[in-house]
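*Asks:* Encoded as structure tokens, here's the structure I'll be asking about.
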2 protein chains.
Amino acid sequence: MKPAAPQEAGPPPDWLEELARRLPAGRVLTAPEDLEPYAFDGTAALRTRPAAVVMARTRDEVAATVRFAAERKIPLVGRGSGTGLSGGSVPVAGGLVLCLARMKRILEVDAANLTLSCEPGVLTAEVAAAAEQAGLFYPPDPGSMKISTIGGNVAENSGGLRGLKYGVTRDYVLGLEVVLADGSVVWLGNKCVKDVAGLSLKDLFIGSEGCLGIITRLLLKLVPKPPARRTLLALFGSMEAAAETVSGIIAAKIIPCTLEFLDRTTIGAVEAHARIGLPTEVAALVLMETDGHPAVVEEEAEGMATIAKANGALEVRVAADEAEALRLATARRSAFAALARIRPTTILEDVTVPRSELATMVAFIQATAEKHDLRIATFGHLGDGNLHPTILTDETNAAEMERVEAAIGDIVDETLRLGGTITGEHGVGLAKKPYLRSQLGEEGHALLRRVKAALDPDGILNPGKVHD
Amino acid sequence: MKPAAPQEAGPPPDWLEELARRLPAGRVLTAPEDLEPYAFDGTAALRTRPAAVVMARTRDEVAATVRFAAERKIPLVGRGSGTGLSGGSVPVAGGLVLCLARMKRILEVDAANLTLSCEPGVLTAEVAAAAEQAGLFYPPDPGSMKISTIGGNVAENSGGLRGLKYGVTRDYVLGLEVVLADGSVVWLGNKCVKDVAGLSLKDLFIGSEGCLGIITRLLLKLVPKPPARRTLLALFGSMEAAAETVSGIIAAKIIPCTLEFLDRTTIGAVEAHARIGLPTEVAALVLMETDGHPAVVEEEAEGMATIAKANGALEVRVAADEAEALRLATARRSAFAALARIRPTTILEDVTVPRSELATMVAFIQATAEKHDLRIATFGHLGDGNLHPTILTDETNAAEMERVEAAIGDIVDETLRLGGTITGEHGVGLAKKPYLRSQLGEEGHALLRRVKAALDPDGILNPGKVHD
């Protein structure tokens, strides 16, 4: 991530009145104090104030806004709660922010067909709750799910803790209504589990980071709620032992629903923050969760405990009840927040490697921290190789920020050498844009740009991001 | 499907010698007797002889062939085993067929990362066998899997019997090497379970039916092999009872790995063909299979039997052993072949509806057969709403073929009215092309064409198919 200097827009453009005329009263925010909360997202050191924010309430208002932006060639950035971690919803100077947070109706839960239909501004946690009320389950659980919107999740193809067993957001999208760059509206998908009628265009919009269209309605797939769950905590004296445990679990044909990892620095931060009695002197803590049929859960939990011990775990603790399991899971979920208290600026990385390269990668991150004299804590999702090296720094210290940039460059290079990806779940946005070409190669990068040019020829949707 | 008159190419074009010079000896077939087997695929009543067939053995030979076609603007149709059921690999008159069947090496099975890498000409059954040898499982099982190629499966996004629980081919593709329309080569994907670095371009090529690029290498995802399996057969006096049973199973939160359905005509044909003692006087036979942990399999099998009986099943039979289970599964898999013996022409439809609309759809198909005085047998995958109404007809009977076309039109209209898709797993190709616009709408159809134009501006790849 290349930290950018804060940018400010110039004087209010002359088109604001015309835009306001085309929408119901109160939709367009222009006062500086109203724009301020929309100048940034969850990414450190990125800030740009937009010319205006449109708070859309309907699909037609979205279409009218995009059409207006298309006519005037005004940059337009779609946005939900703004919890993104790669700068994808940071405004473009002088442009519009189109906020979907007020389109927040759940339209249908169809238990017979295992689907849920909703608007993009519904919170991810509300989707999960509505599914649960019907005895069903919406598995994707990004860290921000209590405050992130489902539309944002789809635009970023969010991951979460359950990726290995349940996949990511993309795997749960059956249909999308999208407003295209010219303001026209298209519906892509249906309730059928199988559908091969033409290219899977919905897959193009999932993870498109607001660069191809604005999502205005979603049809999601649900699954039956797993009847049982068991949570275990294993402590290790070395990262290698933790990684060997993960390999052993997969080799035993166990696919746990979560396999979360915290390194020593992260454990210390979480314990200081949450005081739940985590031992702060171990090298690695692995939180393992299995869900499903009670008999399977029982067997897999025992199997995982045995494998952890065989690989030298210092201690394996099985959560006695749901309350303890929840406490452990909450501790893991608070990792970022806990780390963020240590120093003024917290840069959350998102590199992902094939599972077999995990120990190599974690060791490399530790060595990189030493090499560049930085403090880097690492946590993440071991099951799917998705690591979050978190750089604890201070954006006002220019010399340190240069070292941060160098360290990120080293980590990205090693990730790609190991066959990994520069971003497992946070997206490219602005933060990872400098590295995208290295991963995709010239041909792949050029192909991305061709698709973008075909769908947004004037480049009004989230310009300057991802591949731009 | 609109049956087309057989087409023949003109005299051999003058570029054949130049093409042969650019490739190793023996790669280019031009003799009429060599071209004949490549003039058709598994779709009834479609036949066009190509100018030449290139039997490529390497990625570079594929690239050289596509580059040549691009230079001369020669239509090029990629092809594996040619088992397609929508005419997708039927040649274009005067054009090239690029056959990938000889690129058939399995390159790697990586048990630690649960992946398999191979060339496109490997048979689907060989992929499944290689996975099984490593104690792993490649779930997609299209009916043609013993003879279809994996490259063809990906190009068509093939389904199969396990769609409800395990998804379709798309869900198992982690990476693709693709030769683009200009002959350049791009690699898309990696071994990471999570990857959000740019648009998911691989998803664009999966199911693109040869219209966007030629797949030359694949990286597939595997899962642990389920340790146990149980097969049940339930017989019903009415389709409604069978459909209610399926609804009851889903409501009980059971997701079986297969839920196959045969109607009375299909049962009769299969029994006449295979002589395995199926009762030919029932209205519907449902083959149910559960797989996974032994305790779960036991419980789900009991649950499904109970639900079937509660919904009025005339009989529920549990396969005593693997041999009987295999016999039942084979009987189901032979449905198409058995039906194909009855009359000269067999037109296999592929409409799919939301699961809740199954009984309505099956009744409509029966009524349509009566209305148009046709013989239509129906079988299919009840779990995912994917029906295969199979029209038993004679393509030389023009009057009957007109009625066939009218019946297909009616079935497609009803499918779309019920929120379904014109093709669940066979693709659009030539057969479903007339109906694609009705499903996607003008905006969706135009979007398909924009993406096609961006990736294949001269329209050399499989022209005239799908959206062309």
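*Asks:* Starting from the Cα of residue A:73, draw a straight line to each of the lysines and keep only those under 27 Å, dropping any in the same chain fewer than 8 residues away.
*Replies:* A:202, A:432, A:433, A:452, A:465, B:452
*Asks:* Which percent of the Cα-Cα distances in region B:339-427 go past 17 Å?
*Replies:* 43 percent
*Asks:* Separate question: For residue A:137, enumerate residues with amide H under 5 Å from its amide H, sequence gap 5+ or separate chain, H modeled in the peptide plane.
*Replies:* Sorted by chain and number, the residues that satisfy this are A:223, A:225.
*Asks:* For region A:271-278, in order, what is each residue's ³J(HN,Hα) by Karplus, 6.51 cos²θ - 1.76 cosθ + 1.60 with θ = phi - 60°, in whole Hz (x at glycine and Pro)?
*Replies:* Karplus-based 3J(HN,Hα) across region A:271-278 equals 5, 4, 7, 9, 6, 10, x, 6 Hz.
*Asks:* Another question, if that's okay. Roughly how compact is the protein assembly as shown, stated as its Cα Rg over 2.2 N^0.38 Å to two decimals?
*Replies:* 0.94
*Asks:* Treating only the Cα positions of region B:172-273 as identical point scatterers, give the base-10 log of I(q)/I(0) from the Debye formula at each q in 0.10, 0.12, 0.14, 0.17 Å⁻¹.
*Replies:* Normalising to I(0) and taking log10 leaves -0.58, -0.73, -0.82, -0.87.
*Asks:* If you don't mind, there's one more thing I want to ask. For the pair residue A:375/residue A:295, report the inter-label distance in nm, with labels modelled 7 Å from Cα in the Cβ direction.
*Replies:* With each label point 7 Å from Cα toward Cβ, the separation is 5.1 nm.
*Asks:* Separate question: Any chance you could check the Cα centroid distance between region A:66-81 and region B:190-223 for me, in angstrom?
*Replies:* 30 Å
*Asks:* Using only alpha carbon pairs under 8 Å that are at least six residues apart, calculate the relative contact order of chain B and give it in whole percent.
*Replies:* Across chain B, relative contact order equals 16 percent.
*Asks:* Mind checking the per residue accessible area of chain A for me, 1.4 Å probe, whole number of Å²?
*Replies:* 35 Å²
*Asks:* Against the empirical 2.2 N^0.38 Å scaling, what ratio does the C-alpha Rg of region B:245-291 come to?
*Replies:* 1.33
*Asks:* Can you give me the P(r) profile for chain A? Cα pairs, bins 20 angstrom wide beginning at 0, each as a whole percent.
*Replies:* Bin by bin from 0 Å, the calculated values are 24, 56, 20, 0.
*Asks:* Taking a label point 7 Å from Cα toward Cβ, how far is residue A:419 from its twins in the other copies, in nm, shortest first?
*Replies:* For residue A:419, the inter-copy label distances come out at 4.2 nm.
*Asks:* Let me ask something additional. Using the Karplus curve 6.51 cos²θ - 1.76 cosθ + 1.60 with θ = phi - 60°, work out ³J(HN,Hα) for each residue of region A:129-134 in order, rounded to whole Hz, and write x for Gly and Pro.
*Replies:* For region A:129-134, the Karplus-derived couplings read 5, 5, 5, 4, 4, 8 Hz, x marking Gly and Pro.
*Asks:* Would you mind listing the distances between the residue B:434 label point and the same position in each other copy? Use 7 Å along Cα-to-C-beta, nm, one decimal, shortest first.
*Replies:* Here the equivalent label points are 5.8 nm apart from this one.
*Asks:* Additional query: What is the interface area between chains A and B, defined as buried accessible area summed over both chains with a 1.4 Å probe, reported in Å² to the nearest 100?
*Replies:* The buried area between A and B, both sides summed, comes to about 5900 Å².
*Asks:* Right, here's the next one. What percentage of the solvent-accessible surface of the protein assembly as shown, computed with a 1.4 Å probe over protein heavy atoms, is contributed by carbon and sulfur atoms?
*Replies:* 51 percent
*Asks:* How far, in nm, would the chain grow between residue A:21 and residue A:443 when pulled straight, counting 0.36 nm per residue and subtracting the alpha carbon separation?
*Replies:* Full-extension gain reported as 147.5 nm.
*Asks:* I've got another one for you. Quick check on region A:16-99: what are the equivalent-ellipsoid semi-axes from the Cα gyration tensor, as sqrt(5λ), descending, whole Å?
*Replies:* They are 21, 12, 12 Å, listed largest first.
*Asks:* If I model a spin label as a point 7 Å beyond the Cα along the Cα-Cβ vector, how far apart are those points for residue A:321 and residue A:33 in nm?
*Replies:* 4.8 nm
*Asks:* Going Cα to Cα from residue A:191, which aspartates and glutamates come in below 14 Å? Please leave out same-chain ones fewer than 8 positions away.
*Replies:* A:108, A:110, A:171, A:177, B:357, B:384
*Asks:* Say each of residue B:405 and residue B:309 gets a label point 7 Å from the Cα, pointing the same way as Cα to Cβ; how far apart are those two points in nm?
*Replies:* Label-label distance for residue B:405 and residue B:309, simple model: 5.2 nm.
*Asks:* In Å and on Cα atoms, what radius of gyration and Dmax does region B:228-336 show?
*Replies:* Radius of gyration, then largest Cα-Cα span, for region B:228-336: 12.9, 37 Å.
*Asks:* Which ³J(HN,Hα) values, rounded to whole Hz and listed in residue order, are derived for region B:183-191 from phi using the Karplus coefficients 6.51, -1.76 and 1.60 in 6.51 cos²θ - 1.76 cosθ + 1.60 with θ = phi - 60°, glycine and proline given as x?
*Replies:* So the J values, rounded to whole Hz, are x, 6, 10, 9, 10, 10, x, 5, 7.
*Asks:* For residue A:390, which sequence-distant residues (separation of 5 or more, or a different chain) have an amide H within less than 5 Å of its own amide H, given hydrogens modelled in the peptide plane?
*Replies:* Sorted by chain and number, the residues that satisfy this are A:349, A:377, A:378, A:379.
*Asks:* Mean 1/r over all different Cα pairs, inverted: what Kirkwood radius does region A:106-224 give, in Å?
*Replies:* Computed over Cα pairs of region A:106-224, the Kirkwood hydrodynamic radius comes out at 14.1 Å.
*Asks:* Cα convex hull of region A:244-400: mean projected area in nm², to one decimal?
*Replies:* 9.4 nm²
*Asks:* Using modelled backbone amide H atoms (1.01 Å from N, in-plane), which distant-in-sequence or interchain residues come within less than 5 Å of residue A:174's amide H?
*Replies:* Placed amide hydrogens put A:219, A:220, A:221 under 5 Å from residue A:174.
*Asks:* Follow-up question, since we're still on this one. Semi-axes of region B:68-147's equivalent ellipsoid from the Cα gyration tensor, sqrt of 5 times each eigenvalue, largest first, rounded to whole Å?
*Replies:* Its equivalent ellipsoid spans semi-axes of 30, 15, 8 Å.
The values are calculated or read from the model by the stated rules, or taken from the named source; none is laboratory data. Please read all numbers here as calculations on a predicted model, not as lab measurements. FYI the Cβ positions are ideal-geometry reconstructions off the backbone, even for glycines, and counts take in every protein chain you see. Surface areas here come from the heavy atoms of the whole protein model, side chains and all, with no ligands, DNA or RNA. Shrake-Rupley method; radii C 1.70, N 1.55, O 1.52, S 1.80 Å.
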